[in-house]
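**Q** Encoded as structure tokens, here's the structure I'll be asking about.
The values are calculated or read from the model by the stated rules, or taken from the named source; none is laboratory data. None of these values were measured; they are calculated from a predicted model. Glycine gets a Cβ as well: all are built from the backbone with ideal geometry, and neighbour counts include every protein chain shown.
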Amino acid sequence: MRHINEELFNECYGKIKKNFMEISKNNLYYRNLFNKYKFNIEDLLNYNDFCKIPIMTKQDYLDNIDYFEKVISNEIYNVLYTSGSTGKPVKIFITKKDDTSRNMILCMYRNRISKNIICEKMLLIHYLNIKGNEEYLIEDKGKQCQHFCYGCINDGVLEEIYKFLKQFQPKWIVGNTSIIYAFSEYIKKSGKSLSGMDIRYIECISEYITTEQRNSIKEVFNLNPKSAYGSNEVNTIAIECVNGNMHVIKESVFVEIVNQNEQGIGDILVTSLDNRLTPFLRYSLGDKGRWVNAECNCNFKSPILEITRYRSNDFLLKKDGTRMEVWNLNSALRESTNKTNFQIKQYQFIQIDYNLFKLKILEKEDGNNMNKAMFESYFIEEFSSIFQEKVIVEFEYVKETIPVESKNGKFKYFKSMLT
């Protein structure tokens, strides 16, 4: 029986130890953690030593974010936000140098799937919180790269994507699984054609791709889309090869599977290898998976990961059939909490009817939430603006942590009574 956790650790050992040396100097949270567990970097010799570090959760990070923000260097850096699929969005810092480095590593894998594809025109289709009445916008990133940003999914937006594809003529597309699938279904329903286009590579991100979605995309684009598994905390974790296997991107992230059952399925932990500002060590994503103990004749040469349970991705529904991604909630919540300094520990959003919602809130114990009425007013204003319709929101303030779903052991920060 192969011990893939140990094998992968040995391959990543040099980079792990180098990062640990830098982390222990610059990050007070980890320095205190290492001292608490009597962990000496010099004694990090093998995977068993590595396992002495406790597993990190999202709550651990949120509780200690001040330590991470103090590490911000003089280098230019980006700020990223997770989608908040656990009801607790996370802010992540990364230098532009590190961000460029990890994207170059990802592109190296893409090139192994489709030779020299990264030298060709690329279109990124992704969600964006768009203010006002606009449903989409196009961000010009240069001659070789364009971003089509959508605020919702409906036939009007899908038609604009079609027009832009015809105009820009990209050779490869990266986008959320839902939008690429919705576009494929729209092309079939409308009878439109993609003739005259030479799209050679499609990468579906952010969500699990079902067989139905894959077949629809394959039928329309005449190629097999590739799936990428990742998170904003550590970027892309694994990518699908030409044989359909999901391979770990070992140059960017160290992956473990712990607490395995008899079938080898366990909790997926990740350790970032390319982010000096917000390093995650043995971080639990809330996903389940297992190692595939098999050889693959592709040119990736890294372990095969099978994901057995993903974080969920649901949609807000409008009466006209338009679907909006739940990231809109995070945008509205972030804007209203920033304006009012309202402190939230956890939340859950429920769509009861097309324009009727309930927002459950667990406040931070040390929060100074004196003006709830102002926060509620700002949130309704922000969310109505994004939703492009007047909404009714019922606010419920709870005293205890909102429980997880009994059927899968995961917390759902968004529920819909309409589906």
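**Q** Over 21 Å from residue 251 (Cβ atoms), more than 25 Å from the chain's Cα centre (by Cα) and part of a helix (DSSP H, G or I) - does that describe any residue in segment 1-19?
**A** Among the residues of segment 1-19, not one is over 21 Å from residue 251 (Cβ atoms), more than 25 Å from the chain's Cα centre (by Cα) and part of a helix (DSSP H, G or I), which makes the answer no.
**Q** Within segment 240-247, identify whether any single residue is loosely packed, with under 14 Cβ neighbours inside 10 Å, under 30 Å from residue 47 (Cα atoms) and among the hydrophobic types (A, V, I, L, M, F, W, C), and answer yes or no.
**A** There is no residue in segment 240-247 that is loosely packed, with under 14 Cβ neighbours inside 10 Å, under 30 Å from residue 47 (Cα atoms) and among the hydrophobic types (A, V, I, L, M, F, W, C).
**Q** In segment 248-287, what residues are basic (Lys, Arg) and at pLDDT 90 or above?
**A** Within segment 248-287, 250, 282 meet the criteria.
**Q** Another question, then. Between 199, 217, 265, which is of a type in the set (A, V, I, L, M), over 19 Å from the mean Cα position of the chain (by Cα), within 27 Å of residue 327 (Cβ to Cβ) and surrounded by fewer than 20 Cβ atoms within 10 Å (Cβ to Cβ)?
**A** Exactly one of 199, 217, 265 is of a type in the set (A, V, I, L, M), over 19 Å from the mean Cα position of the chain (by Cα), within 27 Å of residue 327 (Cβ to Cβ) and surrounded by fewer than 20 Cβ atoms within 10 Å (Cβ to Cβ), namely 199.
**Q** Here's something else I'd like to know. Take segment 255-272 and flag every residue that is in a strand (DSSP E or B) and aliphatic (A, V, I, L, M).
**A** Residues satisfying the conditions are 255, 257, 258, 268, 269, 270.
**Q** Inside segment 191-223, can you point out the residues that are touching a residue at least 24 places away in the same chain (Cβ under 8 Å), more than 21 Å from residue 287 (Cβ to Cβ), assigned to a helix (DSSP H, G or I) and not charged (D, E, K, R)?
**A** 216, 217, 220, 221
**Q** Of all residues being under 17 Å from residue 322 (Cβ atoms) and charged (D, E, K, R) in segment 145-168, which is modelled with the lowest pLDDT? Just the residue, please.
**A** 155
**Q** Could you go through segment 300-310 and let me know if any residue there is charged (D, E, K, R), farther than 23 Å from residue 149 by Cβ, part of a strand (DSSP E or B) and at pLDDT below 90.
**A** yes
**Q** Right, another one. Only one of (1) of a type outside the set (D, E, K, R); (2) in contact with a Lys or Arg (Cβ under 9 Å, 6 or more places away or on another chain); (3) at pLDDT below 90; (4) surrounded by fewer than 17 Cβ atoms within 10 Å (Cβ to Cβ) fails for residue 374. Which number is that?
**A** (3)
**Q** Taking residue 362 as the residue in question, decide whether it is in a strand (DSSP E or B), touching a strand residue (DSSP E or B) at 6+ places or on another chain (Cβ under 7 Å) and modelled with pLDDT under 90.
**A** Considered against the rule, which asks whether it is in a strand (DSSP E or B), touching a strand residue (DSSP E or B) at 6+ places or on another chain (Cβ under 7 Å) and modelled with pLDDT under 90, residue 362 comes out as yes.
**Q** Another question about this same structure. Please state which one of 176, 111, 116, 129 is in contact with a helix residue (DSSP H, G or I) (Cβ under 6 Å, 6 or more places away or on another chain) and within 25 Å of residue 251 (Cβ to Cβ).
**A** Matching residue, one of 176, 111, 116, 129: 111.
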